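Visitor: Would you mind keeping the following structure in view while I ask a few things?
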Amino acid sequence: MTFTELLMDAKANTASQQQIIEMYKPMLIKESIYEGVFDEDLFQELVEILLRCIRTFTI
C-alpha cells in the first residue's frame, strides 16, 4: 500500500490512522520534549492534531 492509499484509507479506518501515527511517532516524541523533559500532554495534543490533519487532508 502506498502512502497515498494509506492516507485515503485512514480517513475512515482507525487501523490505518494508527499505522500513520506509528510512522511519525519518533518525530512526535522528539517534538514533545519541552525543556529536556518528555511532556505527555504535548504528545497527546500532537497526535490529535495529526489525526485532524489526516481527516481533513484532500487528495
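Visitor: In whole percent, how big is the carbon plus sulfur part of the accessible area of the chain, probe 1.4 Å, protein atoms only?
Guide: Carbon-and-sulfur percentage of accessible area, whole number: 58.
Visitor: Provide the solvent-accessible area of residue 4, counting protein heavy atoms only and rolling a 1.4 Å probe, rounded to the nearest 10 Å².
Guide: Counting only protein heavy atoms, the figure is 70 Å².
Visitor: Could you give the accessible area per residue of the chain, probe 1.4 Å, as a whole number in Å²?
Guide: 75
Visitor: Just to make sure I understand: if all protein chains stay in place, what is the order of 24, 34 by accessible area at 1.4 Å, largest first?
Guide: Listed by decreasing accessible area, they come as 34, 24.
Visitor: Any chance you could give the angle, 0 to 90 degrees and rounded to 10, that helix 14-31 forms with the longest Cα principal axis of the chain?
Guide: That helix lies at roughly 30 degrees to the long axis.
The values are calculated or read from the model by the stated rules, or taken from the named source; none is laboratory data. From a predicted model like this one, the values you see are computed outputs, not experimental measurements. Side chains included, ligands, DNA and RNA excluded: accessible areas come from the protein's heavy atoms. Shrake-Rupley method; radii C 1.70, N 1.55, O 1.52, S 1.80 Å.
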